[in-house]
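Rule-based calculations on the coordinates, nothing more; no lab input. Given the structure is predicted, the values throughout are model-derived calculations rather than measurements. FYI the Cβ positions are ideal-geometry reconstructions off the backbone, even for glycines, and counts take in every protein chain you see.
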Amino acid sequence: MKQYLFDASAFIFLIKKATVQTTFQQLQNLLILDLTVYEIGNSLLKENRLTKFLTSQEIKTLEKVTQIILARTEKILNQNASFQQIMEIAKTENLSFYDSSYIYFAKQNNVQLVTKDQQLKEKAQKYVQTQTITTLLTA
């Protein structure tokens with residue numbers, strides 16, 4: 001049974017910072033939203049274009065690893081029926097629709113929300129159990 005819904009920040013941290021063993025252990029327990037794939041891709045592009053921190057070979061390796069991990073990760077498909085409920089969370093908590101969707105789907109799937117975003121974590125605690133990715137990986 002899945003235990004966690006990772007937002008994009010947590011998933012990217014997992015890919016970059018965790019060991020291979022830790023990553024594959026977490027894959028057994030986690031879900032992501034279907035749109036998280038695009039957020040991850042966007043982050044890799046930004047990393048490549050803006051920071052120039054990684055070499056082009058390191059970026060290619062990271063892209064391949066990410067693709068393998070994403071292929072093995074269960075995804076929640078967004079449904080139009082949830083639009084109004086997500087919008088209500090967004091308005092109430094002054095969050096983006098995207099961040100609010102993580103709260104909504106964590107609640108719907110009875111899983112903890114894992115994020116690196118402290119503001120999202122604090123607001124999500126009103127609806128679901130939350131924790132940071134760093135806490136999860138050190139537990």
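Here is how the numbers come out for the structure above:
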read-out: Filter result (touching a Ser or Thr at 6+ places or on another chain (Cβ under 8 Å) and part of a helix (DSSP H, G or I)) within segment 107-119; value: 108, 118
read-out: In segment 123-139, the residues that are touching a residue at least 40 places away in the same chain (Cβ under 8 Å) and either more than 16 Å from residue 106 (Cβ to Cβ) or assigned to a loop (DSSP other than H, G, I, E, B) (or both); value: 134, 137
read-out: Evaluation of residue 78 against (1) in a helix (DSSP H, G or I); (2) surrounded by 15 or more Cβ atoms within 10 Å (Cβ to Cβ) (one fails), failing number; value: (1)
read-out: Test: residue in segment 22-32 that is in contact (Cβ under 8 Å) with a residue 60 or more places away in the chain and in a helix (DSSP H, G or I); value: yes
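Condition check ((1) among the acidic types (Asp, Glu); (2) more than 14 Å from residue 11 (Cβ to Cβ); (3) surrounded by fewer than 20 Cβ atoms within 10 Å (Cβ to Cβ)) across all residues:
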site	(1), (2), (3)
93	yes, yes, yes
96	no, yes, yes
103	no, yes, no
108	no, yes, yes
115	no, no, no
118	no, yes, yes
123	no, yes, yes
127	no, yes, yes
132	no, no, yes
